[in-house]
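Take a look at the structure set out below.
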């Protein structure tokens, strides 16, 4: 008979198992009356093509979480392998300058007003449709109002390190 894991052991097993999952590295951004914020996120996924919807999960302690809820818009920027330092900066682990500094890269603004990263392999400009609290995070579901496909290889994250799809 298999014993049920304690909450502590389940948490560690969950983190270990999720570490084996490779995910694209994104920066979720927002701008508006509640301020301009961005945060590195690996929990992003398509929800629907008809209509185009996606989701992004953000820790509720992040100031970006409150700002997205108040601004009602966000951008999802899928990073290229050349944008590893940008990922670190928006993860709060800047190797060379201040964390969360938009001055580290070039950004453009489209319909929603959320910053869109120049050189991203893909980007989505979204209007907030709804959000849900789940554990430590808030799940934001966005209606995609513009989508962009760029060039390059996506930056991936798994096993607590960055990777390239062509080197797996």
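Each reported figure results from applying straightforward, stated rules to the coordinates on display, with no laboratory input. Quick caveat: nothing in here was measured; it's all calculated off a predicted structure. FYI the Cβ positions are ideal-geometry reconstructions off the backbone, even for glycines, and counts take in every protein chain you see.
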Under a crude label model (7 Å from the Cα following the beta-carbon direction), how far is residue 34 from residue 84 in nanometres? 3.3 nm
Length added when fully stretched, residue 149-residue 2, from 0.36 nm per residue minus Cα-Cα: 48.2 nm
Using the 10 angstrom Cβ neighbour count as an exposure proxy, how do 73, 86, 28 rank, fewest first? 73, 86, 28
Return 22, 44 ranked ascending by Cβ neighbour count within 10 Å, so the fewest neighbours appear first. 22, 44
What's the center-to-center distance, using Cα atoms, between the stretch 85-111 and the stretch 43-84 in Å? 15 Å
Full-extension gain between residue 134 and residue 108, please, as 0.36 nm times their residue separation minus the C-alpha to C-alpha distance. 6.2 nm
State, to one decimal in nm, how far the label point of residue 159 lies from the label point of residue 60, with both points 7 Å from Cα in the Cβ direction. 3.4 nm
Would you mind calculating the relative contact order of the chain from Cα pairs under 8 angstrom and at least 6 residues apart, reporting the percent as a whole number? 25 percent
Report the residues of the stretch 82-99 in range of a label on residue 118: point 7 Å along Cα→C-beta, backbone N strictly under 18 Å from it. 82-87
Give, in nm to one decimal, the length gained when the segment between residue 45 and residue 141 is fully stretched (0.36 nm per residue of separation minus the Cα-Cα distance). 33.6 nm
Just how many % of Cα pairs in the stretch 37-154 lie over 19 Å apart, if you round to the nearest whole percent? 44 percent
Helix 7-18 sits at what angle to the longest principal axis of the chain, using alpha carbons and giving 0 to 90 degrees rounded to 10? 60 degrees
Per-residue [θ]222 nm for the chain (sum of -39500 (n - 2.57) over DSSP H runs n ≥ 4, rounded to 500): -5000 deg cm²/dmol
